[in-house]
Amino acid sequence: MAHPKRRQSKTRTLKRRTHDKAVAPTLAVCPNCSGYYVYHTVCPTCGYYRGKVAVVKETAE
């Protein structure tokens, strides 16, 4: 196993970590109910996916 000969500086470590960050998922607007959902998933509001019912949702009365 290779071992580092010298300690990496804080600047070099932080430069490497600049791309390690959390990003918010891209949201789309549901054409059925106008609610927001994450791409390639079932709409949590109405249960539709690609224009078809994927999950039957109960209506709150």
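Bear in mind that the values in this text are calculations on the coordinates, not laboratory data. These numbers were taken from a predicted model, which means no experiment stands behind them. Ideal geometry is used to build each Cβ from the backbone, glycine not excepted, and the neighbour counts take in all protein chains shown.
Peptides 22-29, 51-58 ranked from most to least packed by the mean count of surrounding Cβ atoms within 10 Å: 51-58, 22-29.
Extension gain for Arg7 to Asn32 (0.36 nm times residue separation, less C-alpha to C-alpha distance): 3.3 nm. Global size of the chain: 22.4, 69 Å for Rg and Dmax (C-alpha atoms, Rg to one decimal, Dmax whole). In this Cβ point-charge picture (+1 for Lys and Arg, -1 for Asp and Glu), the chain has a dipole of about 1120 debye about its Cα centre. Potential lengthening of the chain between Asp20 and Val55 amounts to 9.1 nm, from the contour at 0.36 nm per residue minus the alpha-carbon distance.
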